[in-house]
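The values are calculated or read from the model by the stated rules, or taken from the named source; none is laboratory data. Quick caveat: nothing in here was measured; it's all calculated off a predicted structure.
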Amino acid sequence: MNVKVNRLLNAREQHLGVRGRGGRRDKKSRAELQAELQAELQAELQGELQAELQAELQGELQGELQGELQGELQAELQAELQAELQAELQAKLQGELQAELQAELQAELQGELQAELQGELQAKLQGELQAELQAELQASTHETDVPLAVAVGYVSLWRGRR
């Protein structure tokens, strides 16, 4: 560093014309020039270091913030999407289950009602037919002659002996 400072001092002395003829110094002393150069170099180095540090810190902070924000956004989006998908799936499944249950219940009820109605209808028809047949039988017994009545009585007696 001293070599660099000495070279800069010599160049400045020659440029400013500090040395007169015979190598004497005219206006400023070497110490004053050295102090000025040192202040300039220090300011320059401080500026460079500050710029480097600022760039480095800015890069680190930007990376950290970007990572943090990206993580938060990703978590929020994932939670939001998961909630939406869950709601959609739940609605879809609920609709499907409701349709299946409704179809199943409808089929069961229809089968039960059909069997019940068929049983009632069959009983009613059978009762009506039996009543009609009995009425016809009674009517025909009154119309038929005595041998049929005797035959019926004989069958009844025969059953009674058994």
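Some values worked out for this structure:
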item	result
Yes/no for Leu81 being modelled with pLDDT of 95 or more and of a type in the set (A, V, I, L, M, F, W, C)	yes
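Conditions (1) over 30 Å from Asn10 (Cα atoms); (2) not charged (D, E, K, R), marked per residue:
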| site | (1), (2) |
| --- | --- |
| Ala39 | no, yes |
| Gln74 | yes, yes |
| Leu77 | yes, yes |
| Glu80 | yes, no |
| Ala115 | yes, yes |
| Gln118 | yes, yes |
| Lys124 | yes, no |
